[in-house]
Amino acid sequence: MRVLIVSSTTQTSKTGVTAHYNRLLDQLEGRVESVQLITPADTPFLPKKIIGLLRKLAALFGQNGRVLWFELENFMSVWVSVRAKGADAFDLVHAQDATAGAGASLGLAKRVPVVMTCHFNDDPLTEYKLGFQLSDWTHKRLATWYRYVFNHNDSFITVSDYIKRTSAFLRPQGAVCEVIHNGVVFPTEQPRHESDDFIIISVGTLEERKNQRLLIEVADELRSRGLTRFRVWLLGEGPKRREWEQLVHEKNLQDYVHFLGFQTNVPDYLRKASLYVHTALNESWGYSITEAIASGTPVLALATGGIPEQFNRTGPGLLPVSITAAEMADVILNYQDARTRAVLAEEQLAFARNRFNLDVMIDKHLAFYTETIMGRQPLRNTLNPVVEL
């Protein structure tokens with residue numbers, strides 16, 4: 001099997017999408033005949049120059065122009081790069097977004113089936129609506145665009161049942177959609193390196209949706225209750241870092257809250273932590289939660305999006321989305337005792353080990369690839385109605 005992975009996100013981007021397809025590249029090597037990656041970074045020189053000039057023209061139309069051009073640019077970049085390879089070079093395309101998938105499909109003259117993984121947190125239209133102040137006209141154009149590109153992807157993978165439900169309106173009628181949960185390596189042993197301090201860790205982009213501000217407020221609450229030997233480690237970069245660093249300074253929490261930036265060796269930090277706390281207000285899955293569980297670190301997380309699918313039915317570790325800083329501090333204080341944390345970690349690990357194992361994830365991908373190649377893809381010309389926002 002010759003697999004081509006395509007994405008609008010380049011390998012230099014520090015995102016979950018990049019981490020996901022890098023894992024696929026690594027794990028598929030040796031298990032398929034060949035696996036290649038194409039992103040906009042692979043665009044040939046002359047088309048890249050032309051696209052760059054058009055990008056400057058699109059910027060004249062402000063944010064609306066930049067957003068619409070961003071989609072079209074990624075489509076054209078993948079289309080021209082894939083077209084140079086030719087359809088005979090591949091048996092299957094695995095797209096990491098709908099735009100790249102459509103570009104690859106058309107670049108290969110619709111001769112190669114395309115599987116697309118849905119990485120968004122609800123659906124791409126909602127993410128644009130929440131992330132940008134765009135005109136109604138632009139939202140309608142985006143709805144039309146996503147109807148078009150989704151219909152040029154043959155079958156779909158979602159990382160959670162939650163995303164399978166929320167993105168259903170964009171998929172072509174009758175399209176095959178498989179839920180394949182993210183997977184990580186679960187070590188046979190769980191070497192822990194906890195310090196004497198009580199360390200609370202959280203991993204993710206520093207942004208409004210990830211909601212790390214709540215942990216800063218929790219730190220303030222813990223200190224006010226007399227707890228002094230604790231630290232909060234925030235791993236990641238993002239648009240809110242400067243604002244939240246200022247908040248830490250204003251609350252005089254510099255000794256307690258530490259911004260550690262983007263780290264490539266996240267499991268090393270997780271094994272040193274006492275407790276992992278995930279504060280995201282919405283999440284398609286929450287890969288760092290899975291990493292924490294695999295590292296033997298007990299997890300507390302808001303019960304939102306696809307996150308509850310990582311916990312058993314009794315939900316030990318799940319917290320209400322409406323939780324306040326004071327209420328979260330109460331919960332965290334219950335886990336000061338190492339034995340209590342160990343019980344939670346063991347229960348979460350027992351549930352996750354065989355469900356969210358990396359080998360299981362890769363095996364399911366390979367099976368789905370084979371099914372798609374064998375003809376499970378739906379008719380391409382079955383269109384969805386235009387979504388009005």
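Results, tabulated for the structure shown:
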quantity	calculated
Cβ-based exposure ranking for 228, 99, 324, in which fewest neighbours within 10 Å come first	228, 324, 99
When the convex hull of its Cα atoms is projected in every direction, mean area for segment 1-147 (nm²)	9.0
³J(HN,Hα) computed for each position of segment 145-161 - Karplus, 6.51 cos²θ - 1.76 cosθ + 1.60, integer Hz, glycine/proline x	4, 6, 4, 5, 6, 4, 6, 9, 10, 7, 9, 9, 10, 10, 7, 7, 4
C-alpha long axis of helix 358-371 to longest principal axis of the chain, angle in °	20
Gaussian network model of the chain, Cα within-10 Å springs - most flexible of 366, 302, 333	333
Lysine pairs with alpha-carbon atoms under 24 Å apart, the chain, spacing 8 or more or separate chains	23
Distant-in-sequence amide H partners of residue 95 (H built 1.01 Å from N, under 5 Å)	6, 115, 116, 117
Built amide H within the under 5 Å cut-off of residue 177, gap 5+	156
Rg and Dmax [Cα atoms of the chain; Å; Rg one decimal, Dmax integer]	22.1, 67
Helix axis angle, 213-224 relative to the chain longest principal axis, alpha carbon, degrees	0
Residue-by-residue Karplus 3J(HN,Hα) for segment 225-236, coefficients 6.51, -1.76, 1.60, Hz, glycine and proline x	9, x, 7, 10, 8, 9, 9, 10, 9, 10, 9, x
Packing-based ranking, highest mean first, of 176-187, 133-144 given that Cβ atoms within 10 Å are counted	176-187, 133-144
Folded to 0 to 90 degrees: helix 16-28 orientation relative to the chain principal axis, Cα	70
Diffusion coefficient, µm² s⁻¹, Stokes-Einstein with Kirkwood Rh over alpha-carbon pairs of segment 173-244 at 4 °C and 1.567 mPa s	83
CD proxy at 222 nm, helix term only [per DSSP H run n ≥ 4: -39500 (n - 2.57); per residue of the chain; nearest 500]	-13000 deg cm²/dmol
Neighbour-count order for 79, 244, fewest beta carbons within 10 angstrom listed first	244, 79
Sorted by Cβ neighbour density within 10 Å, fewest at the top, the residues 283, 194	194, 283
Karplus-derived HN-Hα couplings along segment 64-78 (A = 6.51, B = -1.76, C = 1.60, θ = phi - 60°), whole Hz, x at Gly and Pro	4, x, 5, 5, 5, 5, 3, 5, 5, 4, 5, 4, 5, 4, 5
Isotropically averaged projected area of segment 195-354, using the convex hull of Cα atoms (one quarter of hull area), nm²	8.6
Placed amide H near residue 231: partners under 5 Å, 5+ positions off or other chain	198, 199, 200
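No lab work stands behind these numbers, since they all come straight from the coordinates. These figures come from a predicted structure and were not determined experimentally. Counting neighbours? That spans all protein chains shown, and the Cβs are built from the backbone with ideal geometry, glycine included.
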